[in-house]
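Enquirer: Have a look at this one before I ask anything.
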Amino acid sequence: MGVKSKAAAAIVVLLLFLGLLWQYGSLDYHWDSCLKGYNQVNKLHQLSNSSGADAAWGPHVLEACPGQTFQVSLLLSHLLAAPAYTSDVLLQPYLSSWDELIKFMESLGPMVGLISKEIESKTSVIRQLALLSEENPEAELSPDIHSINSGNTEVGTKNDVEALGHASAYHSLRSMIKTELNQGVVDFNHQTDSGCRTILRLHRALLWLKLFLEKLAETPVAGRLRSPSDLCREAYQNTLANYHTWFVRRAAELAFIALPERGFFFRLVCVQSQEELSMVLTKVAQAIEVVYNRTQKALEENGMLDLP
């Protein structure tokens, strides 16, 4: 086998590992977790949004892009529907947002598409947990939760999730956090497949994509526009790279080299210029920021930003 063939084979192996290890900083844990399968569940129970987010953000001005699998208009619609009450996030539109973001990543080519497979497996975890909770509603609370609450009637009164007593455990981010803490399934010392830990990994990836989109939206006053490859790598280095091993970081940077040029992104969101691209991506990045900040606050309040 020639030198070029060996190098190509090595890159393929690295990218395959990347797809599997993307959200993990631990290679040892990966071999255990990758044996656990989760069936994709495409439907959560229908959820309502009383936040008035659409009114705050104004009318949806983005139209569908004919012939595109990824639809930026759908992504923005789901993101705007996710914020609920004053500090919560509805999980159905949150996961639907990820469905579109996964399509976005897959559109960037097979190398980045490998990354999306790992993210998709995490959205499947949340959906599967929601389905199991819906099928077994009586198992949502641990046996001693009623005695705990009766001993302190003020527990959780400051959280908006108290208004969700009629909803399932996975109706929203805060209802999921509350239920999983009550069940004792969130381990602060060991890795588990809890919804809270899974959300944290998605949360970190969301910051990477938000920063990437913001960088793509930038229009420099002078000088050439930087390549999407460089922008994506820089966004990664400032976010997810902080949680990955050296091996995963090197593999990620290899994947980013193959990103399409800027003209591809014009076609992807049906615009003709950098100014139009900036307008569209800024709207999306701002909507992501609202969801990200609410998720960050909920996780931080419960000491979950460093779950192993």
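Enquirer: Full-extension gain between residue 262 and residue 190, please, as 0.36 nm times their residue separation minus the C-alpha to C-alpha distance.
Expert: 21.7 nm
Enquirer: At a 10 Å Cβ-Cβ cut-off, how would you order 78, 190, 203, 171, fewest neighbours first?
Expert: 190, 203, 78, 171
Enquirer: Hey, rough spin-label estimate for residue 229 and residue 301, points 7 angstrom out along Cα→Cβ, what's it come to in nanometres?
Expert: Placing both labels 7 Å along Cα→Cβ, they lie 4.4 nm apart.
Enquirer: So which trypsin sites (Lys or Arg not before Pro) in the range 173-210 end up in coil per DSSP with only 13 or fewer other C-beta atoms within 10 Å?
Expert: Answer in residue order: no site qualifies.
Readers should treat all values here as calculations from the given coordinates under stated rules, not as data from a laboratory. Bear in mind the structure is a predicted one, so any value in this text is a computation, not a measurement. Reconstructed Cβ throughout: ideal geometry from the backbone, glycine too, with neighbour counts over all protein chains shown.
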